[in-house]
Amino acid sequence: MCGIVGYIGKADAASVLISGLKRLEYRGYDSAGLAVIDGDDIVVSKTPGKVAALRDRTRAEWSADRLSRPGIGIAHTRWATHGPPTEANAHPHLDQSGDIALVHNGIIENYRPLRARLEAKGHVFRSDTDTEVLAHLIGDCCKGDLFQAVCDALHQVEGTFGIAVMSAREPGKVITARRGSPILIGVGDGETLIASDASAILSHTQRVIYLDDNDIAVVTADSVDVRDLHNVPVTREIAELEFDGSAAEKGGFEHFMLKEIHEQPECLANATRGRLDHDLGSSVLAGMGTSPRELAELERVVMVGCGTSLHAALVGEYAFEDIADIHAEVHQAAEFRYRNPILGSRDFVVAISQSGETADTLAAVREARQKGAFVMSLCNVVGSTIARETGRGVYLHAGPEISVASTKAFTCQVAVLLMMALKLGRGRRYSREDGGRLAREIARIPELAAEVVRQSEHIAAIAAGYLKDEHAFFIGRGPMYPVALEGALKLKEISYIHAEGYHAAELKHGPIALLTQGTPVIAVACDIPGKDKTLGNVEECRARGARILGIITEGDDEAAEYMDESITVPRAHPLVATIPAVVALQLFAYHVARLRGCEIDQPRNLAKSVTVE
Ligand code: G6P
C-alpha cells in the first residue's frame, strides 16, 4: 500500500528518496511524489504512475543544482483511497501557505468536518484527499513551532496515520508520527531516514527505531527525539536489522513471484530448521511462550488473518483439530472485532500475517488481548507491528517477500502451523509414535516443494491451454479445500481471470449452474481421505462439459482417469500434502499470468500490505 520515505543528511535528497521509493514499489501503488527544501521554498514533484516516471519528470524539470543539493526531503507512493490516482491527489500535500509539506499513510476518518471547518476559514483545497486536510490543519495550528503544530493537529484527527512533515520555515528537521500505520527511523552516520517499511532504508543503515502508536519524533541529521503526543519524552531502543541485499534482486528470474516460488524449498528448510524434536516426536517453538501446563489447559485455538494468510489459517484449523485434538476456528480478521467475539483466558488466538502490518489483523490482536486471551503471532517481517504487539510468536524465516501475490509466506505459514499443532498435540493426546511420524513428514516438506518446483516447465505447458478462459473454478475438500481457495486467489490476483474456490461438494449448490462446455475446473484431488468423494464431484462437472485439470498424487492412475490433464504432486501425510499441492497451483497461476502478458509482481489495484481497514 502507500509508502513513505524521508531523508535528512549530507546526500542529495532527491536521489535518496527516489531510490527509497523504488524499494517500496513492491507494496503496490498508483502514483508517486516527493518534496525537498530548496532555499526558502518547498518544491514538489508528483505524477500518476510509476516511480520511474517521477524520476524522469524530476530530472527533466528540476535544475541540476536542485537535484544534487544535499539536504532534506519527504516522498511517497500512494495507493488511492480518497480520490483517483491523479497528480493532484498524489502526495506530498502542502498546507495553505505552501511552507509545510506532508506525506501520509492511513486514513483520516473525520476529514470531511475538518475540511469544512478549514474552508470556512478561507482554506482552498486542490485535491480530494484526506491527507491535504491534515496538511492544512497542521498549517492552521502552526504558530512558529512545527512540532507543536503537528501535536495539536493530531489531537484533532480520528483514524490512522503514519506521517512525515517538514517546513521551509524550520529546514533542519522532519517531524514523523504514527497511529496504526508503521513508521521506522533509520539512524545512519550523519544522516537519518524515515520509512514505512525497512526495505526503503536498508541500503543506508541497519540501525532502526520503531515508533509505537501515538509516538511523535523530531528527526535531524544526527538526532532522533521521540515523544508522545503530549510532548512527554519516551525511550525507544535502536534495533539492528539484517540486510540481505539479494532479496531485493530478481536473481535471474523473470519475476519476483517466480523467484519466490523457487525459493520455497530453502525457505521451508529455514522455517522448520531446529524446530523439530524427533526424539520426543514434537516441535520446539520457544517463541510461543507457553508452558506445557498452559498448553494442556487451552480449550480453543482461534486464528485470524486476511487473504492468503486466512487460507493458511484454514489449513491450520484442520491441523489443530486433527493433530492437537483441540477445538479450532478461523475468523476473517476484519470481522473479528466487530462481531464482539467470545474469548477468554483459555483461548489461544493466533494472528497470521506475512507483513505483520495488516490493519484488520492488528485490530483483531488488540481485541483478543483486551478480552484476556493468549495471543501470539505468526509473522514473516521481523519487528513488524503485530509481532511486537503480541510479544510472543513464531517467525516464518521465509525472507522478504516482494511479489504482491504471496507464495513462500503461505507455505511457511502452513509448515509452522503444522509444527504448532504437533506441539499442542504432544501436550495433549498425541502419542510419541504419531508425533515422530508427523515430525518426519514435516521434515520432508522442503523436498516435497522442490519436487513440484522442478515441474515448472511441464506446468507452463499445461497453463498455455488456459489463456483464453475468463472463468475458472477450483475445488477441493478436507485440507485441500483451503488449497483450492488459495489456488483461485492466486489465479485471479495475477492473471485477472475470474476464479472461484469452492468446497467440492458445494459446487452443486449453485456454482454448477455456471459450468458450460469447456469451463475449466481445477480439482485438487490428492490421495487423502475424501478423495473418492472429490472424484465423484469431478464426474458431476464432467457431465456438464467442464474441462478438468487435476492436482493428483503421483502414481494415482485411478484419479488421472477422471481428469482431462493432471499435475502430479508427491505422496505425503494429508496435511503436509497441502504444501506441494499449493506450489503446483502457484506455478499454474504464474504461468497463465505470464503467458497472458500480465504484470505479475504488482497486479493492478492490489497492495502487498493493507494498512487501512
Ligand atoms: C494483501 C496482500 C495479500 C495478503 C494479505 C494479508 O491483500 O496482497 O497477499 O495475503 O494482504 O497480508 P498479511 O501481510 O497480513 O499476510
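Each value in this text was obtained by applying a stated rule to the coordinates, not by laboratory testing. Just so it is clear, the model here is predicted, and its values are computed rather than measured. Note that we place each Cβ from the backbone using ideal geometry, even for glycine, and neighbour counts take in every protein chain shown.
Simple point charges give the picture: +1 on the Cβ of Lys and Arg, -1 on the Cβ of Asp and Glu, and for the chain a dipole about the Cα centre of about 320 debye.
Quick check: from the Cα gyration tensor, does segment 251-377 come out rounded (a/c under 1.5), prolate or oblate? Walk me through the numbers before you get to the answer.
Values: a/c = 2.24, a/b = 1.25, b/c = 1.79.
It comes out oblate by the Cα gyration axes.
Basic side chains Lys and Arg get +1 at the Cβ, acidic Asp and Glu get -1 at the Cβ, and with that the dipole of segment 365-501 about its Cα centre reaches some 840 debye. Taking 20 °C and 1.002 mPa s as conditions, the chain diffuses translationally at an estimated 84 µm²/s according to Stokes-Einstein applied to its Kirkwood radius (Cα pairs).
The share of alpha-carbon pairs in segment 21-145 lying farther apart than 25 Å comes to 24%. For segment 360-416, the square roots of the Cα gyration tensor eigenvalues, ordered a ≥ b ≥ c, give a/c of at least 1.5 with a/b greater than b/c, which places it in the prolate category. Simple point charges give the picture: +1 on the Cβ of Lys and Arg, -1 on the Cβ of Asp and Glu, and for segment 454-600 a dipole about the Cα centre of about 300 debye.
Taking all Cα pairs closer than 8 Å and separated by 6 or more residues, the relative contact order of the chain comes to 12 percent.
Determine, for each peptide in 600-613, 303-316, the mean count of other beta carbons within 10 angstrom over its residues, then list the peptides with the highest first. Could you put the intermediate results ahead of the total?
Details: 600-613: 19.3, 303-316: 25.9.
Result, highest mean first: 303-316, 600-613.
Volume per residue of the convex hull around the Cα atoms, evaluated for segment 519-592, comes out as 75 Å³.
For the peptides 441-452, 567-578, what is the packing order when you average, over each peptide's residues, the other Cβ atoms within 10 Å and list the highest mean first? The partial results should precede the final answer.
Numbers: 441-452: 21.1, 567-578: 23.0.
My ranking of the peptides, most packed first, is 567-578, 441-452.
Per-peptide packing, taken as the mean over residues of other Cβ atoms within 10 Å, places 144-157, 332-345 in the sequence 144-157, 332-345 from highest down.
Positive end of the charge dipole of the chain (Lys, Arg +1 and Asp, Glu -1 on Cβ, about the Cα centre): tell me which of Ser309, Met419, Val569 has its Cα farthest that way. Positive-end residue among those listed: Ser309.
Per residue and in cubic angstrom, what volume does the convex hull of the Cα atoms of segment 387-438 have? Mind showing how you got there, number by number?
Details: hull volume 5.1 nm³, N = 52.
Considering the Cα atoms of segment 387-438, their hull volume per residue is 99 Å³.
Once the mean 1/r over all distinct Cα pairs of segment 2-247 is inverted, what Kirkwood radius in angstroms do you read off? Write out the running numbers ahead of the final one.
Numbers: mean 1/r = 0.0572 Å⁻¹.
Radius from the Kirkwood sum: 17.5 Å.
Span-like helix check, the chain: qualifying full DSSP H segments, with Cα axial length of 18 Å or more and mean Kyte-Doolittle of 0.0 or more, are 307-323, 408-426, 480-495, 578-595.
Cross-link partners of Lys490 among aspartates and glutamates, defined as those whose alpha carbon lies under 16 angstrom from its own and excluding same-chain residues fewer than eight positions apart: Glu260, Glu401, Asp469, Glu470, Glu500, Glu599, Asp601. With one equal scatterer per alpha carbon and no solvent term, the Debye-computed log10 I(q)/I(0) for segment 564-607 at 0.17 1/Å reads -0.62. The alpha carbon radius of gyration of segment 454-600, expressed as a multiple of 2.2 N^0.38 Å, is 0.93. Extension gain, Arg293 to Ala52: 0.36 nm times the residue separation minus the Cα-Cα distance gives 81.2 nm. Normalised by residue count, segment 444-494 yields a Cα convex hull volume of 97 Å³ per residue.
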